[in-house]
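Participant: I am attaching a structure below and will ask some questions about it afterwards.
The values are calculated or read from the model by the stated rules, or taken from the named source; none is laboratory data. In this text, all values refer to a predicted model and were calculated from it rather than measured experimentally. Using ideal geometry, Cβ is built from the backbone for each residue, glycine included, and neighbour counts are taken over all protein chains shown. The accessibility values were calculated without ligands, DNA or RNA, using every heavy atom of the protein model including side chains. Shrake-Rupley method; radii C 1.70, N 1.55, O 1.52, S 1.80 Å.
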Amino acid sequence: MKKIIPKSRLNPYKIDDRSEIFNSIRNSETALIVLEAQRAWDGLDRFRKDMVRNRNYTYGNQWGDKIKDPSTGMTITEEEYIKSQGKVPLKNNMIRQLVKSVVGQFASNQTEPVCVASDRDEQKLGEMMSIIMKYLYSLNRLWDMDRRTFEKYIISGLVCHKVKYGWNSALNKEDSFVFDVDNRRLFFDNMMTDYRYWDCNLIGEIHDMSVSDLISKFAGNDRNRAIELREIYRTALPDYIRLSYETLTSKQIDDISFLCPSDPNLCRVIEIWRKESKERYKCHDPLKGEYYKIDIEDLPNIKAINQSRIEQGTSQGIPLNDIPLITTEWFIDRYWYARWLSPFGDVLMEMETPYWHKSHPYVISIYPFIDGEVHSFVGDVIDQQRYINRLITMIDFIMGASAKGILLFPEDQIPDGMTIENIADEWSRYNGVIMFKPKPGVPVPQQISTNATNVGAYELLNLQMRLLEEISGVHGAMQGKKASSGTAASLYAQEAQNSALNLVDLLASYNTFREDRDTKLMQVTQQYYKDKRYINIAGNDYSEEAKHIDPDKVRNVQFDLTITESQTTPAFRQQTNEFLMQLFGAGQISIEDLLENGAFPFADRLLQSIEKKKQEMAEMQQQIQSAQGINAQVQPDEQLLQQMMQQK
């Protein structure tokens, strides 16, 4: 660890100190790395603004766009401008319903990972690994997490998960865990264009930790290191002191900066994973059958091992060409290197990637990522939502400004003893009566009511509502709207299916993200699981043998992971039960086979009853057989006594 900050430390939590921070680290090795990470984070500034705008439109804040006031020249929101004109900024949130429908479509097709061993002789191990993945899904609540992540995917067009093995203080458990990474804290290579993300050379995130969490994570068992970390973040106050008391709001995270935490009592940590290069040697040891790589400084050790083998071989009379020596080959190694840095550039922790998959722990998905751009599902329908809100506000203003039952009363016909106020009260009263003397040629009082809203606004509104469905691809059948009179059920089902076709690409893209995440989760689990364990998964989909997990058996096995339809869905259970009932009706299976392989809610209880009756019948049969054996033994004894009596 290199200490690079002078004793006179600046306050890293003031925005004005940013240039001073960089001046303090300009001579350090980590300066370029911090600057590179900040440029990658700044490169996502436009995306973060679009994401916040899409989120606001999704959840109802649809008049928050900034405009320039023509009268004052000041920048204000559209809502403030409409209110200044004496109008009410109305809105009809159609985007929220679209998002709910798409998320519901995803949730209705529940899927789960299935692991298949590449070697056909190791299929039992594939079943064992599938049980582990199902256990991890339950442990991390990944089905719930996927629904919320997919909703964020629809709104922003980008999602990121982090897969790692370690201690989870919330669960008080050490295992493989999946964490959702906030898009506003994420940064990655701004030169990346491959939609498979194979050209990513930089990725990371920014953390805000309390002092206790910081020392617990980076100090380990070294008290001196803990004191040093406390000195680095000496401006941070104890955990129980917070300057912000507002919660359930996104204001703090929306205004996040790269170097300074939103709360000055927290510690900003920058986690950076970079793909770096280094000179190394590839080594092949034929004696042990191993391939590995070493650093250049370790080459003398390899030469010493080879010299020792030559001496031992020649002493035993082995020809030099037959002695198994370690062969080396120079190459430039590309590897992932991780650093946890403070805003000043202090190295809190650093290491080469410890994972067997030789990559970073992040999994990202950007949709559609054409030419390096992201275009979210919600962003495509914002213009239609804005126009719908404008039409509703305009119709409300027109209706408020139009004449509605105005009374025209000739002034010279006001009855004696009454004022115009008395006439207005009597006119609006139920069964009111006004007496007046009509004059020839003078029109009688009349009430005027105009329909000033018939200016095409309703037609425009209906047009925008239809365009919203056409552009989003989410039609009324998918949203569960009532079909018009006379619509056939088959036609309505076909409309819902055709509407679902518009979402196939979006759903397939997210399922690819899930496969990449689950594959990385599976690889991390294979690497770090050490002890044997028994995982009791509910249901009868897996054998009892596969539930006894042996990490040594699955550690070096190559698995192919696929996302398939879950067997716990109602549709799948219904099809399974119908097929088993047909076999049972044909006499091909017994009642026990039906209950063990079916998905009936009463199966376990009925099986217990059948087994209990079988056991009782077996006991009764055994008692009967025992009684018959005693009788058979008594009868020969009686015959022998009779013969003896006859002889006497």
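Participant: Sort 264-274, 299-309, 524-534 by packing, meaning the average of other beta carbons within 10 Å per residue, with the highest value first. Walk me through the numbers on the way to the answer.
Facilitator: Numbers: 264-274: 21.9, 299-309: 12.9, 524-534: 15.0.
In decreasing order of mean packing, 264-274, 299-309, 524-534 become 264-274, 524-534, 299-309.
Participant: Right, another one. When all alpha-carbon pairs of the range 56-200 are counted, what percent fall beyond 21 Å?
Facilitator: Values: 7013 of 10440 pairs.
Cα-Cα pairs of the range 56-200 separated by over 21 Å account for 67 percent.
Participant: Find how much the distance from M399 to M435 grows on full extension, using 0.36 nm per residue of separation minus their present alpha carbon separation; answer in nm with one decimal. Present the calculation step by step, with values, prior to reporting the outcome.
Facilitator: Numbers: separation 36, 0.36 × 36 = 12.96 nm, distance 3.26 nm.
The span from M399 to M435 would gain 9.7 nm if fully extended.
Participant: Next up: Pairs K162/K217; K124/K288; K49/K100; K68/K251: which exceed 26 Å Cα-Cα? Working shown, then result.
Facilitator: Numbers: K162/K217 17 Å; K124/K288 29 Å; K49/K100 23 Å; K68/K251 23 Å.
Where the Cα-Cα span goes over 26 Å, the pairs concerned are K124/K288.
Participant: In whole Hz, what ³J(HN,Hα) sequence does the range 603-611 give by Karplus (6.51, -1.76, 1.60; θ = phi - 60°), x for Gly and Pro?
Facilitator: Running phi through 6.51 cos²θ - 1.76 cosθ + 1.60 with θ = phi - 60° gives 4, 5, 5, 5, 4, 4, 5, 5, 5 Hz.
Participant: Reported to two decimal places, what Rg/Rh ratio describes the range 156-259 when computed on Cα atoms with Rh from the Kirkwood expression?
Facilitator: The Rg/Rh ratio comes out at 1.00.
Participant: First compute the accessible area of the range 287-433 with a 1.4 Å probe, then give the percent of it belonging to carbon and sulfur atoms. Walk me through the numbers before you get to the answer.
Facilitator: Numbers: 4590 of 8640 Å².
C and S fraction of accessible area: 53 percent.
Participant: Given labels modelled 7 Å from the Cα in the Cβ direction, how far is it in nm from D380 to T247?
Facilitator: The answer from the label model is 3.9 nm.
Participant: Principal axes first, then extents: for the Cα atoms of the range 323-443, list largest minus smallest coordinate on each axis, whole Å, largest first.
Facilitator: 134, 34, 26
Participant: At 7 Å along Cα-to-Cβ for each site, give me the label-to-label distance between Q123 and R573 in nm.
Facilitator: Result: 2.7 nm between the two label points.
Participant: Using 1/(1 + (r/R0)^6) with R0 = 35 angstrom and r between the beta carbons of N61 and E276, what's the FRET efficiency to the nearest 0.05? Each step should come with its number before you reach the end.
Facilitator: Numbers: r = 43 Å, r/R0 = 1.23.
Efficiency for this residue pair is about 0.20.
Participant: Follow-up. Please state the charge dipole magnitude for the range 109-171, taken about the Cα centre, from unit charges on C-beta atoms (+1 on K and R, -1 on D and E), reported in debye and rounded to the nearest 20. Present the calculation step by step, with values, prior to reporting the outcome.
Facilitator: Details: 9 positive and 8 negative charges, 69 e Å.
In debye, rounded to 20, the range 109-171 gives about 340.
Participant: Still on this structure, I have one more. Once phi is turned into ³J(HN,Hα) by the Karplus curve 6.51 cos²θ - 1.76 cosθ + 1.60 with θ = phi - 60°, what whole-Hz value does each residue of the range 339-355 show in order, with x for glycine and proline?
Facilitator: Values per residue, Gly and Pro as x: 9, 10, 10, 8, x, 7, x, 5, 7, 6, 6, 8, 5, 6, 3, x, 8 Hz.
Participant: If amide H atoms are built 1.01 Å from N in the plane of the peptide, which residues on other chains or at least 5 residues away come under 5 Å of the amide H of V159?
Facilitator: S365
Participant: For a label point 7 Å from the Cα of R96 along Cα→C-beta, name the residues of the range 44-69 whose backbone N is under 19 Å from it.
Facilitator: So the set is 52-65.
Participant: So, one more: With charges set only on the Cβ (+1 for Lys and Arg, -1 for Asp and Glu), what does the dipole of the range 38-156 come to about its Cα centre, in debye to the nearest 20?
Facilitator: Details: 20 positive and 16 negative charges, 107 e Å.
Rounded to the nearest 20 debye, it is 520 debye.
Participant: Tabulate in residue order the Karplus-calculated ³J(HN,Hα) for the range 365-376, using 6.51 cos²θ - 1.76 cosθ + 1.60 with θ = phi - 60°, rounded to whole Hz; enter x for Gly and Pro.
Facilitator: Each residue of the range 365-376 in turn: 8, 10, 10, x, 6, 9, 6, x, 10, 10, 9, 7 Hz.
Participant: Something else: Mind checking the dipole of the range 73-133: about its Cα centre, +1 per Lys or Arg Cβ, -1 per Asp or Glu Cβ, Debye to the nearest 20? Write out the running numbers ahead of the final one.
Facilitator: Details: 7 positive and 8 negative charges, 117 e Å.
With only Lys, Arg, Asp and Glu charged at Cβ, the dipole is about 560 debye.
Participant: Taking the Cα of S138, stepping 7 Å toward and past its beta carbon, and measuring to each backbone N in the range 155-179: which are under 16 Å?
Facilitator: 176
Participant: On average, how much area does the Cα convex hull of the range 246-401 cover when viewed from any direction, in nm²? Numbers along the way, then the final one.
Facilitator: Numbers: hull surface 73.8 nm².
Value for the range 246-401: 18.5 nm².
Participant: Starting from 0.36 nm per residue, how many nanometres of slack lie between K358 and K612 once their C-alpha separation is accounted for?
Facilitator: On the way: separation 254, 0.36 × 254 = 91.44 nm, distance 5.47 nm.
Full extension of this stretch gives 86.0 nm more.
Participant: Please compute the length gained on full extension between I420 and T314, using 0.36 nm multiplied by the number of residues separating them and subtracting their Cα-Cα distance.
Facilitator: Numbers: separation 106, 0.36 × 106 = 38.16 nm, distance 12.93 nm.
Here the answer is 25.2 nm.
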